[in-house]
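The values are calculated or read from the model by the stated rules, or taken from the named source; none is laboratory data. Every value quoted in this text rests on a predicted model; they were computed, and no experiment measured them. Quick reminder, even Gly has a Cβ in these numbers, built from the backbone with ideal geometry, and neighbours come from all protein chains shown. Accessible surface is based on the protein model in full, side chains and every heavy atom, while ligands, DNA and RNA are left aside. Shrake-Rupley method; radii C 1.70, N 1.55, O 1.52, S 1.80 Å.
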Amino acid sequence: MTEKSSEMSDGELIEKNLAQLRLKPNLQGYDGLRRTFKWGDAEELVDWFPDGQINSVYNVIDRHALGERKDKAALIYDDGNGNVQKITFLEMYRETNKFANVLVKLGIKRQDRVFVFLQRSKELYVSFLGTIKAGAIASPMFPAFGPDAIRDRLLDSGAVALVTSSELAKRVYPIKEQLPDLKHIIVVDDADANAGEVSYQVEMESSAEDFETVPMDPEEYQFMLYTSGTTGKPKGVVHAHKGIVQQTLTSKWVLDLHDEDVYWCTADLGWVTGVVYGCLGPWSCGVTQVGLGGRFDPDLWYRSIQNHKVTVWYTAPTAVRMLMAKGDDLPAKYDLSSLRALYSVGEPLNPEGVKWALEVFDNKPFHDTWWQTETGSILITNFPEMPIKPGSMGKPLPGIEAEIVDEEGNVLPQGEEGNLVIRPGWPSMMREIWKNESKYNEYMRNGWYYTGDTAMIDDDGYFWYVGRADDVIKTSGERVGPFEVESALIEHDAVAEAGVIGKPDQLRGNIIKAFIVLTPGHAESEELKKDIQKFVKSRLAGHAYPREIDVVKTLPKTRSGKIMRRLLRAKELGLPIGDTSTLED
Ligand code: WTA
């Protein structure tokens, strides 16, 4: 089932006047590069240890701290309440060294899993990067996660350590007994941590500032992130150190980062965008990054651009729509003239959003970028030098072979909708689904990596997003699996069965909608629905709860008992219901 999410904008084109761009784009001559570029060329963008070994964080932090950028601000951390900290590359180097030493002292070994569950803060970046330095695998978790989501991730990965705050740690206590591998809980804001916990402050104070960043095989892992599919619990998508090659290249070519930029990525580190483009890639380019604490707030966001003189901004369509909804008077109150380039990712960016930016940000359009947790960096995008067709995701990165194919892997003619696939082998591609080979193999068919998205290519080679080929829900740009929400729902006393779908929504792209069958003895009421919503929020995650709940008598199922979400969706949206030959009754 496809959903036509982005309307083709009838031949509309936003031309670029290259002479008027404030800085010359790093990538010029796209068509030529697409023919001549080899991945080997990009390997020169990063530093290697002898014998072809590498550590992504040596590139992200150390090489700048040991060179000319040592006193340059790496991070401008703004807590959202007017407190601003500037942290130089040298300070980041020392802090991450100290944290790596803390892990070594705790006995953390090469490729052990260390999870970071923190609100945005200096400590979040330090512990994430320090973990990778030490040769362990780092995994950040979104601070909105509840106990169920945390347990699933720590259990599946066999995490040995968790870095958290005293506030967020409260969500870990109820499940701690279920996590036999979890040996250390490191609490950042608690000088006298509870018995059995490690105080970050105390350990960091006594930790040495020198550390030899561990040389890794390029195929060893730097980070993992759990992400959702159609079936089952979230899967651990694992990324190798070699990915830094492409993460650096795309920060240069797509985000077009230059040394003088002040760059702001609004994504949390719990999502791949935050990890790759709110941490690794831009710092590998030696660029100053803004980190903003607090919740989404239009005033705060515009103020952040103004106060920190942000030049390059990477955000998400839902945020763009929320800013649009606030009207154009608000941005007019701020000096946003520092901005020179805008980018977006995560869901279709409506043509209106692209064009709104032209008006509000002095003729600068949003550049839509397409990629996934699994791809590890941007693969299809609008480049600075290229004209934009509003609503299109742009064109493949040089080095990337992307096509539209059918289920047998046959390439479809231009203009036809089908599966968006990529030829495997790019440097930042996921290396495995943690301990789940069969899941990994599901992506790899007919010699292609199947993205799970459907799309089409137009006559000019621009790619247009159509929808998901599966049941994955994108709500406010965040990826949620229906199964996780269904599992949380049926843990509630009143819920016997649940089916969950994404329902298109003007603002959020999609909202989560649940159809539930009640257990005997429960009657439908608004109060009950609210209680169920609250239950899912607190168990699973603050953002992954059903905003709409319909009580039904039965759910459509296949003869093998699988809920047919396709039918729920078709019925909800008034779409044709399609093939029902596998329906139970
Ligand atoms: C969707 C986010 C339309 C898509 C980096 C993809 C997009 C999923 C775009 C991956 C875009 C991402 N236009 N849809 N420009 N970018 N998506 O893993 O469905 O959280 O498969 O990675 O987001 O979501 P994920």
Using only Cα positions of the range 140-224, each an equal point scatterer, no hydration layer, compute I(q)/I(0) via Debye at q = 0.14 Å⁻¹ and quote the log10 values to two decimals. -0.58
Shape descriptors of the range 179-314 over alpha-carbon atoms, Rg and Dmax in angstrom, are 18.3, 49
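Express in nm, to one decimal, how much length is gained between Ser166 and Asp297 on full extension, taking 0.36 nm for each residue of separation and deducting their alpha carbon distance.
44.6 nm
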To one decimal place, what Kirkwood hydrodynamic radius in Å is obtained for the range 284-438 from all pairs of distinct Cα atoms? 17.6
Percent relative contact order of the range 335-437, based on C-alpha pairs within less than 8 angstrom and at least six residues apart? 20
Trypsin sites (Lys or Arg not before Pro) in the range 149-192 lying in a DSSP loop, each with at most 16 other Cβ atoms within 10 Å of its Cβ, come to Lys170, Lys183
Using amide H atoms built in the peptide plane, which far-off residues or other-chain residues are under 5 Å from Gly291 H to H? Ile76, Tyr77, Asp78
When we measure straight from the Cα of Lys326, which lysines land under 17 angstrom away, once same-chain ones fewer than 8 places off are left out? Lys355
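Before rounding to the nearest 500, sum -39500 (n - 2.57) across all DSSP H runs of length at least 4 in the chain and divide by the residue total; then give [θ] at 222 nm in deg cm²/dmol.
Per the formula, -7000 deg cm²/dmol.
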So what is the accessible area of the chain per residue, in Å², with the probe set to 1.4 Å? 40
Bin width 10 Å, alpha-carbon pairs only: give the P(r) of the range 470-573 as whole percents, running from 0 to the bin holding the largest distance. 15, 52, 30, 3
First compute the accessible area of the chain with a 1.4 Å probe, then give the percent of it belonging to carbon and sulfur atoms. 47
Loop-located GluC sites (Glu not before Pro) in the range 87-126 whose Cβ has at most 11 other Cβ within 10 Å (DSSP): none
Proximal charge balance of Ser377 [Cβ under 15 Å; K/R count +1, D/E count -1]: 0
Relative contact order of the chain, please, whole-number percent, based on alpha carbon pairs below 8 angstrom and at least 6 residues apart. 15
What is the set of long-range amide H partners of Leu397 at a cut-off below 5 Å, with H atoms built 1.01 Å from backbone N? Ile380, Thr381
When the Cα centres of the range 161-231 and the range 88-147 are compared, how far apart do they sit, in Å? 7
About the Cα centre, and with charges only on the beta carbon of Lys, Arg (+1) and Asp, Glu (-1), how big is the dipole of the chain? Nearest 20 debye, please. 520
Could you tell me which of Pro396, Ile186, Ile563 has its Cα farthest along the dipole of the chain towards the positive end, charges placed at Cβ (Lys, Arg +1; Asp, Glu -1), taken about the Cα centre? Ile186
Straight distance only, please: which aspartates and glutamates reach the Cα of Lys176 with their own Cα at less than 16 Å, same-chain residues fewer than 8 apart left out? Asp148, Asp152, Asp156, Glu167, Glu197
In whole angstrom, note down how far apart the Cα centers of the range 270-330 and the range 468-501 are. 28
Counting Lys and Arg as +1 and Asp and Glu as -1 over every other residue whose Cβ sits under 12 Å from the Cβ of Ser438, the net charge comes to 0
Would you mind checking Lys105/Lys242; Lys70/Lys364; Lys170/Lys534; Lys364/Lys395; Lys364/Lys389; Lys503/Lys534 for any pair whose Cα atoms are more than 23 angstrom apart? Lys105/Lys242; Lys70/Lys364
Whichever lysines have a C-alpha closer than 18 Å to that of Lys435, once near sequence neighbours (fewer than 8 apart) are set aside: Lys233, Lys235
Taking the chain, the whole-percent share of alpha-carbon pairs separated by over 32 angstrom is 46
Backbone HN-Hα couplings from phi across the range 509-517 [Karplus 6.51/-1.76/1.60, Hz, Gly and Pro as x]: x, 9, 10, 7, 10, 10, 10, 10, 9
What's the percent breakdown of Cα-Cα distances in the range 318-400 across 10 Å bins, shortest bin first? 17, 48, 27, 7, 0
